[in-house]
1. Inspect segment 64-79 for any residue being more than 22 Å from VAL230 (Cα to Cα), touching a Leu at 6+ places or on another chain (Cβ under 7 Å) and of a type in the set (A, V, I, L, M, F, W, C) and give the result as yes or no.
2. Can you work out which of the residues in segment 185-222 that are in contact with a Pro (Cβ under 7 Å, 6 or more places away or on another chain) and outside any helix (DSSP H, G or I) is farthest from MET17 (Cα to Cα)?
3. Can you tell me which residue is surrounded by the most Cβ atoms within 10 Å (Cβ to Cβ) among those in segment 28-57 that are over 12 Å from LEU77 (Cα atoms), among the aliphatic types (A, V, I, L, M) and without any contact (Cβ under 8 Å) to a residue 60 or more places away in the chain?
4. Condition first: more than 13 Å from ARG311 (Cβ to Cβ), outside any strand (DSSP E or B) and either touching an Asp or Glu at 6+ places or on another chain (Cβ under 7 Å) or open to solvent by 10 Å² or more (accessible area, probe 1.4 Å) (or both). Now tell me which residues in segment 247-267 satisfy that.
5. Which one is nearest to the chain's Cα centre (by Cα), of the residues in segment 464-483 that are at pLDDT 85 or above and under 19 Å from PHE440 (Cβ atoms)?
6. Out of segment 206-242, which residues are open to solvent by 10 Å² or more (accessible area, probe 1.4 Å) and under 18 Å from the mean Cα position of the chain (by Cα)?
7. Consider SER290 against the criteria (1) surrounded by 17 or more Cβ atoms within 10 Å (Cβ to Cβ); (2) at pLDDT 75 or above; (3) closer than 24 Å to PRO475 by Cβ: it satisfies all of them except one. Which criterion is unmet?
8. Might you let me know whether segment 488-502 holds any residue that is over 25 Å from ASP387 (Cα atoms) and under 27 Å from the mean Cα position of the chain (by Cα)?
Amino acid sequence: MKQIEIMDTTLRDGEQMQGISFTPSEKLTIAEILLSKVKVDRLEVASARVSEGEQKGVEKIVDWANKFGFTEKLEILTFVDYDKSANWAIQTGITCINLLTKGSLKHCEQQLKKTPKEHRDDIEKTLKYAFSKNLSVNVYLEDFSNGILCSPDYLFAQIDFLKNFPIKRIMLPDTLGVMEPFCVFENIKKIIEKYPDLHFDFHPHNDYGLATANALAAVKAGAAGVHLSVNGMGERAGNASLDEVCVGLRDFLNVNINIEEKELFTASQYVEIFSGQRMQANKPIYGKNSFTQTAGVHADGDKKGDLYVNRLKPERFGRHREYALGKLSGKANLEMNLKELGISLSEEKKNTLLQTIIELGDKKTIVSVTDLPFIINDIFETKTNNDFKVLNFSINSTYKLKSIANVRCSFQGKEAEESSQGDGGYDAFMNALKIILKQFEIQMPKLIDYTVEIPPGGRTNALVQTIITWEIIQPNGETKRVTTKGLNHDQNTAAIEATLKIINFILSVTPSVIT
């Protein structure tokens, strides 16, 4: 099996996404995850000479890498500027630079205003200086795609020139994302056949939504490495997504990569949090809907023998299969969710419950697994322990002062009232609620994620939906993530509704959580 190098460029090219700027501490955290957990082969952490903050971020990463043996995996983008970028790299402790040169005649003549020979002379001076300082060098041929398509003689002359130097890798960027998989395969194969002894990387961009396919095509054609970013972050439409390409390489091309698939989700979540850029729900691998079956026929097929399951099994990535409840739900969807909750109903009650769920779906009401115990209780008037209530609450938020919340709750005929402060109204409420739950000997689940949605064009009185993801402990001791939602004109009230749902859900289906 051929070994393929994975170079992650989230901290360099990914940060070129509009509105993104990682702090030095955030960069360090992402670097630690990608190198020590995900196990990428190389990490491009910055562009040289960008800012003082960028330099500090690189220095923090280098200090950590020196302690744990990752220094040689770090790379930065540098420029054809003789000694300036090289000295910047040396000052930060970086030992490998990625020199940005022009891969198309158009870029050389129109952007640099230089002849190919003048550009190569400048490259040679910069390379010789870098080698004199014991730096390892990779070379980008920027705008390679237009170079091979529009000025191939220029491109081949550049490679012929570069092969005379001890360069480790020549890197071929589809800078403007203008190639498609067949074009990538044909042209990368042409280069590999012409220069079989050189190491070539491919650097795809996603302008046509083809970056993942193009990366696979490049490897199939003979590229020895690909450049990727977490969540596909990058300028314009972004770069090829780290998780999608790695999974595709394993499943379709039978090549060897060092990536730990179950750790990809951790990297994805941290980048999502630090960047503030949420993944699309339908994104492959780690979108929240990627392992959710909605159609009843699909749930039925899974129940009868995993008929709608492919190699992308959720357990492979530390996730689990879900079956949505709504107007498209079939009986199998419902049965899968009831089984997960440990709830047993007669066939007649199942049919009645399913009809209610379909009617709610027609009204655009989304039913989650956490809603089922309450719907069952409402329809069949069953006696449950879901009687934890928030009777009253008052939240006071003041400019430059901590928020204060006063909360009164009831549980099994008893009442408790507490006050607390917090960084914001919901935080103050939660601090008071935790004290009350402790009095009732109820364990508070761990809040993992919190999002707020307001309809497009919403006014000041628009309905706000809060979506909160929790981590709960199941009876078998394993942890599970559960999402609850709240809807109200007031954001704090919506969040409190979602919180109340998770507490009663735990009391209903996992009584072992009660201490």
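The values are calculated or read from the model by the stated rules, or taken from the named source; none is laboratory data. These numbers were taken from a predicted model, which means no experiment stands behind them. Methodologically, a virtual Cβ is constructed for each residue, glycine included, from the backbone with ideal geometry; neighbour enumeration extends over all protein chains shown. When the accessible area is computed, the model is the full protein with side chains, heavy atoms only, and any ligands, DNA or RNA have been set aside. Shrake-Rupley method; radii C 1.70, N 1.55, O 1.52, S 1.80 Å.
1. Yes, some residue in segment 64-79 is more than 22 Å from VAL230 (Cα to Cα), touching a Leu at 6+ places or on another chain (Cβ under 7 Å) and of a type in the set (A, V, I, L, M, F, W, C).
2. Selected residue: LEU210.
3. Per the stated criteria, the residue is ALA31.
4. LEU253, VAL255, ASN258, GLU260, LYS262, GLU263, LEU264, PHE265, THR266
5. TRP470
6. If the condition is that a residue be open to solvent by 10 Å² or more (accessible area, probe 1.4 Å) and under 18 Å from the mean Cα position of the chain (by Cα), then ASN206, GLY209, THR212, ASN231, GLY232, GLU235, ARG236, ALA237 are the ones that fit.
7. (3)
8. no
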